[in-house]
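Visitor: Mind looking over this structure? Questions follow.
Every number here is computed from the coordinates shown, using simple stated rules; none is lab data. Nothing here was measured: the structure is a model prediction, and the numbers come from that model. Cβ: placed from backbone, ideal geometry, glycine included. Neighbour counts: every protein chain shown.
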Amino acid sequence: MRNVYVLGTGMIKFGRYPEKTVPELGGEAALIALKDAGVTIKDIEMFACGNLYQSNAMVGQRILQQIGQTGIPVINVSNACATGSTAFREAYFSIASGMYDMAMAVGVEQMGKQGLLGGTGGGDPAYSTEGKLGSGLMPAVFGQAGIEHMRKYGTKLEHFAKISVKSHKHATKNPFSQYRNEVTLEDVMNARMVGYPNTLYMCCPTGDGAAAAILVSEDKLKQFAGGRKRPRIAASVLTSDPYTDRDLTLPDVNTLTRRASKLAYEKAGVGPKDIALTELHDCFATAELVHYENLGLCGDGEAGEFIDKKGGCHPDLGGFAPVNVSGGLLSKGHPLGATGVANICEVVWHLTQDERAKDRQIPNAKAGQAHVIGLGSACTINILTI
Amino acid sequence: MAEQAQAADSGPRPIVPFLKLGPNPHLEGLKCSCGAIFLDPKRVACSKCGATSDSFKPIALSNKGKVYVFSVVHQSFPGIKTPYVTAIVDLPEGVSVRSNLIDVSHEELQKNPKKGFDMPVEMVTSVVAKDREGHDVVAFQFRPCK
Ligand SMILES: [Zn+2]
């Protein structure tokens, strides 16, 4: 496999764009990334487009119909919340394999007012099990992931709440974040309960958004980088949920993340101590806490202590092993298809001292990782190094 | 003929096929020769070992189990009454099922979640809806053992 680099990135501020279409949002992010890379759509040889809610409607081609119909191969990717990061991985493989030298990945989503609860499905509603045989909705699934940690290690509600306080504080420095308000521990603890133990501020909001990346081979890097240092994709891993005892009843978000993490560290030849920043899938505060351990940022059962010692906080706040300095999904919002590319953009911006991360820059960052979980389940981890 | 068939078919219906109604309502699973138990009766193979469905035998599951984890649902779709407790219950046969946990105080569980862990529970059934053809639809719930 050949080395692959991220030459350019683009992202629009996550928010509400009811006046725009999905291809328009994706096209905007693509154009920013192309400009950032110093190339045009005519240089792109392959395009992987991630979108969930219009996955049957050729979003990738419709983006090219906005920004340049060059006739290149387009793949439309759908992989739950890991949709964007899976599209990124397809672009990565198209170059790593030697097939192409320059590829584009776009993640885009327009959520409208749809919440994170998900859909009800068809059929006679009398046989819908939701609310009658417990809950299979996201707040219950991720609530129970946190409760499982409480059960095993005595983790407290405060630990989850502190994560929300931390990420909201981080977001105040990120102009691309949908929400940039600070919250106190009291605000989080006393907010409306959505699904115990997650209160309102411990659940990510939805939103519309788009992000894009231009990936290149070493040859194209030399041709277009013009002396700029660009990060290498040291590992791009995708796993699905292996059989575990309760997975079919209560989706197991841990085992597939641990497996992806192990594979990614091995492939990249780095360990958690080498990672300057982590963007991980904090759809709920409970999810972030269990992933501290799943990604090896602390030992098993130590996440509570890690949080109490300011683990996950930006060094400017006196923290270490910073997590979600972008504000995370908790503040940025979670446009499903866009999320996986957006968190790679964040990692790139720190590794390249990009001005788009100037107020929250992690100093001297040499390696960073972006993790996503799509329930159902898919896990991606991309490790980038410079 | 049509009327007769309808009359014979007018009893309550289980909300899911693995709930068996009758004088002794219980859950029924499929057990693979590798030991894994599944609740979906139409499954074609075992997702643990890969054996095809000819390696499966039906297994009647106990009506008693222990709560593994739970959550309290405060927000749901319109028409679903909240708050309610959703729980994952481990059955002694080695399979977990999900349903509502009733006859417990959700406030108390939120204050002291430890009270929920390993709580011994038993299964009960109740009519939860009427389908489009007018049949009662029966679901199962768990409650603390008396
Ligand atoms: Zn088997």
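Visitor: Find, to one decimal place in angstroms, the Kirkwood hydrodynamic radius of the range B:76-142, where the mean of 1/r is taken over every pair of different Cα atoms and then inverted.
Guide: 13.8 Å
Visitor: What is the P(r) of the range A:208-313, as percent of Cα-Cα pairs per 10 Å bin from 0?
Guide: In order of increasing distance, the bins hold 12, 34, 32, 16, 5, 0 percent.
Visitor: Using a Gaussian network model on chain A with a 10 Å cutoff between Cα atoms, which of A:Val165, A:Val194, A:Val22 fluctuates the most?
Guide: So, out of A:Val165, A:Val194, A:Val22, the one fluctuating most is A:Val194.
Visitor: Between A:Ser164, A:Ser128, A:Ser94, find the one with the highest GNM mean-square fluctuation for chain A; connect C-alpha pairs within less than 10 Å.
Guide: A:Ser128
Visitor: Let me ask something else about it. If you wrap the range A:12-155's Cα atoms in a convex hull and average its projection over all directions, what's the area in nm²?
Guide: Mean projected area of the Cα convex hull: 12.7 nm².
Visitor: Given the C-alpha atoms of the range A:236-291, compute the convex hull and give its volume per residue in Å³.
Guide: Here the figure is 99 Å³ per residue.
Visitor: Okay, moving on. Out of all Cα-Cα pairs in the range A:249-386, roughly what percent, to the nearest whole number, are more than 24 Å apart?
Guide: Result for the distance tail: 22 percent.
Visitor: Still on this structure: With contacts defined as alpha carbon pairs under 8 Å and 6 or more residues apart, what's the relative contact order of the range A:1-133 in percent?
Guide: It comes to 29 percent, rounded to a whole number.
Visitor: Taking the radius of gyration and the Kirkwood hydrodynamic radius from Cα positions alone, what is the Rg/Rh ratio for the protein assembly as shown, to two decimal places?
Guide: In the protein assembly as shown, Rg relative to Rh is 1.00.
Visitor: Using the Kirkwood radius built from alpha carbon pairs, what does the Stokes-Einstein equation give as D for chain B at 20 °C and 1.002 mPa s, in µm² per second?
Guide: Answer from the Stokes-Einstein relation: 125 µm²/s.
Visitor: What dipole magnitude, in Debye to the nearest 20, does the range A:236-311 give about its Cα centre under +1 on Lys/Arg Cβ and -1 on Asp/Glu Cβ?
Guide: It works out to roughly 260 debye.
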